[in-house]
Amino acid sequence: MSKDKITEILLARNANPETVAAFINLTESCEFARYAPSTIGEIQHDYEKAAQIISDLEKQIK
C-alpha cells in the first residue's frame, strides 16, 4: 500500500490526522533504517513510538 492510500483509509475511519502523520513518519523512519545503520537507541525509540501509535490508532478507528 502507498502512504497516500494508508492515510486515506485511516482518515476515512476517523483516525486523528496527527496520529496518521506520526504513523507515516514512523514508516519512513523504518524504511530509512532498512538501508542505513541504526543505533540500538534509535531502534528502541522507533519501537516505543510504534507501540504508542498503534495503541492510539486502535482507540481512534471506528
Please tell me if N25 is open to solvent by 50 Å² or more (accessible area, probe 1.4 Å) and at positive phi.
no
Any residue at all in segment 51-59 that is among the charged types (D, E, K, R), open to solvent by less than 90 Å² (accessible area, probe 1.4 Å), part of a helix (DSSP H, G or I) and on the phi < 0 side of the Ramachandran plot?
yes
Residues satisfying the stated conditions in segment 29-45, i.e. part of a helix (DSSP H, G or I), open to solvent by less than 100 Å² (accessible area, probe 1.4 Å) and either over 20 Å from S2 (Cα atoms) or at pLDDT 95 or above (or both):
G41, E42, I43, Q44
Consider segment 4-20. How many of its residues are surrounded by fewer than 14 Cβ atoms within 10 Å (Cβ to Cβ) and under 23 Å from K59 (Cβ atoms)?
9
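The values are calculated or read from the model by the stated rules, or taken from the named source; none is laboratory data. All values derive from a computational prediction rather than experimental measurement. Ideal geometry is used to build each Cβ from the backbone, glycine not excepted, and the neighbour counts take in all protein chains shown. Note: areas computed on protein heavy atoms with side chains; ligands, DNA, RNA excluded. Shrake-Rupley method; radii C 1.70, N 1.55, O 1.52, S 1.80 Å.
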